[in-house]
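**Student:** Sharing a structure, written as structure tokens. Questions coming.
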Amino acid sequence: MPRARIYRPSKSAMQSGRRSANGCSNTSRRHARDPDPLMGWSSARDTLNEVQLRFDSLEEAVAFADKHGLDYTVIEPQPRTPKVKSYADNFRYDRVCA
């Protein structure tokens, strides 16, 4: 059985809040993707590449993996580094114009 990855998916650029950033789990690839000989599209023999489960918390995802005997790795999210922004800074006298 392939190893499952438990992680928090990153939000898209169009989202500003962090409320619905839930945990996610999917399995790693067992087989490499090969081009289809007829059409040239990339394909895989293993359909577990497509399985993706969503959980409300990290604990639920870990409990699911333990209950079903899955090997898993937990990938911690990167810490946020907020940048202090001020609208008034756009009109500062010492602002460098490009």
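No lab work stands behind these numbers, since they all come straight from the coordinates. The structure displayed is predicted, hence computed values, not measured ones. Ideal geometry is used to build each Cβ from the backbone, glycine not excepted, and the neighbour counts take in all protein chains shown.
**Student:** Hey, with R₀ at 35 Å, roughly what FRET efficiency would D71 and D34 work out to, going by the Cβ-Cβ distance, to 0.05? Don't skip to the end; give the middle numbers.
**Tutor:** On the way: r = 25 Å, r/R0 = 0.72.
E between D71 and D34, to the nearest 0.05, is 0.90.
**Student:** Still on this structure, I have one more. Shape call for segment 40-89 from the C-alpha gyration tensor, a ≥ b ≥ c root eigenvalues: rounded (a/c under 1.5), prolate (a/b greater than b/c) or oblate? Kindly include the intermediate steps, with their values, before the conclusion.
**Tutor:** Working: a/c = 3.89, a/b = 1.63, b/c = 2.39.
Oblate, since a/c reaches 1.5 and b/c is not below a/b.
**Student:** Also: Between M14 and R54, 0.36 nm times their residue separation minus their Cα-Cα distance comes to what?
**Tutor:** Details: separation 40, 0.36 × 40 = 14.40 nm, distance 2.06 nm.
Separation in residues times 0.36 nm, less the Cα-Cα distance, equals 12.3 nm.
**Student:** Tell me which chymotrypsin sites (Phe, Trp or Tyr not before Pro) from segment 33-82 have a DSSP coil assignment and no more than 12 other beta carbons within 10 Å of their own.
**Tutor:** Working: sites: W41, F55, F64, Y72; in loops: W41.
When the chymotrypsin sites (Phe, Trp or Tyr not before Pro) of segment 33-82 are filtered for loop state and at most 12 Cβ neighbours within 10 Å, W41 remain.
**Student:** Could you calculate the contour length gain from R80 to D46, that is, 0.36 nm times the residue separation minus the distance between their Cα atoms, to one decimal place in nm?
**Tutor:** Stretched fully, the R80-D46 segment lengthens by 8.7 nm.
**Student:** If the cut-off is a Cα-Cα distance under 28 Å, which lysines reach K67, setting aside same-chain residues fewer than 8 apart in sequence?
**Tutor:** Counting by Cα, and skipping residues close in sequence, K67 has no lysines nearby.
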